[in-house]
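Asker: Can you keep this structure in mind? I'll have questions shortly.
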Amino acid sequence: MNGLYDEFRVAVHSVWTRRWLVLAVAWGICILGWLAIASIPNRYDSRARLLVDVNQILPDDAQGGSFGGRQQIDQIRETLTSARNLEKVATTTGLIPAGAGEREKAGAVAMLQKNIKIVPQQDNIFEITSSVGIGSLSDADNAKLASGVLDSLITVFRDDQLRGGRVDAREGLKFLDSQIADREKSLREIEARRAAFEAQNIGLIPGGAGSPAQRVDAARAELSQIETQLVAAQAALAAATGQLASTPATVPGAGGVGGGVARQQLAGAQNELASMRARGLTDAHPDVIALKSQIASLKAQADREGNGGGGGMQNPAYSSLAAMRAERQATVSALSARKAQLTGDIARITSQQIQNPGIAAEYDRINGEYTAQKAQYDKLLAQREQVRLRGDVQTETDAIRIELLDPPSKPTSPAAPNRPLFLTLVLLAGIGGGIGAAFGLAQVRTSYATAAKLERASGLPVIGSITEVVTPDRHVERRKRLVWLASGGAALVGLYALLLVAEFVQRGMVA
C-alpha cells in the first residue's frame, strides 16, 4: 500500500512540476473544442399530428385496386413527403430562392426529405416532425422555419389531396379509355384474321365456338352424358314393352264403344306428321321418327279393333302403356341420333386435326390470342367503371378528410446539439488532456523525485539527498507564479461559465 501511495505522490509531483504545460494544453483543447461546438448550428424541431380519414362510401371492391381505404392510407403515407410536395414547401418557405437552378432545388428537397420524419401512431393518425438547423440563419429564423415547414407541408398536402383525387380519376379514365380502344382494335384485327383463316380453310375447320380441341372435349363430355341417358331410356323402354305385352288390348264389354278412339288418335298423329313435314322436318329428325313409331302402333291397334268386331272395348291401361312405350321409344331414338351425331363430329374433327395438324394448331393459336385479348378487354371495362364510380364519389363528396389534431409546435429551445453538456465535456477533456500531456512528458524525460526511486533505477546504494533551500526571494517568486497559474485556471473556468450563460441567454431570446 505504501508503494502505491509513493507512486501516486511521484505522479502528482511530476505533473505539478509541469503545471504550466497542463494549463497551456487545457487552454488549447478547450479553445479548439468550444470553437468547434460554436460552429455547429442549433437544430430546432417542430411536431404536429395529422388525421387523414378516408370517406369510404363505396366498398373496397367498388373502389378498385389501389383506391381502397387501407391502400389509400398507405398511399397517403408514402406521398406525404413526395419530391413534388417538398419542392412546393421549399419554394413557399424561401428555401429555394427565385431563379434557383435545378441543383439548388434538388438540394433543398433532399434536405427536407432527410429532416422530415413521419411516424404513424395509428392507422390514420400521423406524427410529423421537421428538424431545421441551417448555419446561415439565426436561431430565431431556424425555429420559425421549423414550424413554417410543417405549416406549408400540411397546406400543400391538403390542397393536393383535395384536387389530386379528381385529377387522378380523370387521368385514370383517360388512360383506361386509350387502353380499351387499343384492346378493341386488337380484337377486331384478330376477328378479321380468324374470319379470313376460316374462309381460306373452309371445310378443314369445323364450325362452332372454340378451338377444335375444345369442341372435341365438349362433344366427349356431352357424349358421356348422352350414353348414360340412353342406357336409362333403353331400360325404361324395355320395362314399358314388358308391361305392354302382359296387358290385354281389350276388355269384355259393349262392342264398338272404343272402336273409333284408336282411329281418331291415328288421324291426329297423321295430321301432326303432315304438319311437321310442312315445317321442313325430314324423316331423319328424332321427333318425326318417334311420331312414325307411334303411328305404326296406332295402326296396329286400329286393325285389331276392326278385326275384333264388337267383342269388347279397348283396355284404357293398354292404351296408356302403348302411349308411354311410344314416348320412351321416341326418347331412345332421339338419344341414339344425338349419340351418332356426336360420334361423327368427334371423328370428323379428329380426322381433320390428324390430316391438317398445322391448320388446327394455327386455328388454336388464333382462338387463344382472341380469348386472352377478350379477357383483358373485359377487365379494363370493369376497371373503368370502378374508376368512374370513384370519380363520381370524389366529385360529389370529400373523399378524404384531413384534420389537424395538433398544430405545428413553436420550438423555444434547440433540440440539438446539447451545448451545455458539450461545453462541460470539452472542459473536462482539456483538463484531462493537460494532465495526460504532463504525465507523458514526465515518463519520456525521466527524473527521480525520491532517493529510493533513484536507488532502484541505478542499483547502487544512495547515501543521502540534499533538500532544496528556498530563499525569501525565491519564495515570493513562487507565490507570484502560483497566483498566475490560479488566474489562468480561473480564467478558463470563467470562460466556460460565460459560454454557458451566453447559451441560456440565446435560448431565451429565441423564446
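Asker: What's the extension gain from Leu137 to Ser351 if we count 0.36 nm per residue and subtract their Cα-Cα distance?
Answerer: Length difference between fully extended and current span is 68.2 nm.
Asker: Also: On a 22 Å Cα-Cα criterion, which of the cross-link pairs Lys339/Lys374; Lys105/Lys410; Lys117/Lys410 come out too long?
Answerer: Beyond 22 Å between Cα atoms: Lys339/Lys374; Lys105/Lys410.
Asker: What does the highest-first list of 327-339, 236-248 look like by mean Cβ count within 10 Å?
Answerer: The peptides rank, most packed first, as 327-339, 236-248.
Asker: So if R0 is 22 Å, what FRET efficiency would Ala429 and Phe8 give, r being the distance between their Cβ atoms, rounded to the nearest 0.05?
Answerer: 0.45
Asker: Report, in cubic angstrom per residue, the convex hull volume of the C-alpha atoms of segment 78-187.
Answerer: So the per-residue Cα hull volume is 150 Å³.
Asker: Highest mean first, what order results for 490-503, 144-157 on Cβ atoms within 10 Å?
Answerer: Per-residue mean Cβ counts within 10 Å order the peptides as 144-157, 490-503.
Asker: Now, a different point. What spacing in nm lies between the two simple spin-label points modelled at Ala361 and Gln113, each 7 Å away from Cα in the Cβ direction?
Answerer: Simple spin-label model gives 5.1 nm for this pair.
Asker: Could I have the simple spin-label model distance between Glu385 and Asp283, label points 7 Å from Cα toward Cβ, reported in nm to one decimal?
Answerer: Output for this residue pair reads 5.4 nm.
Every read-out reported here was derived from the displayed coordinates using simple, explicitly stated rules and does not represent laboratory data. What you see is a predicted model, and the numbers here were worked out from it, not measured in a lab. Backbone-built Cβ (ideal geometry, glycine too); neighbour counts: all protein chains shown.
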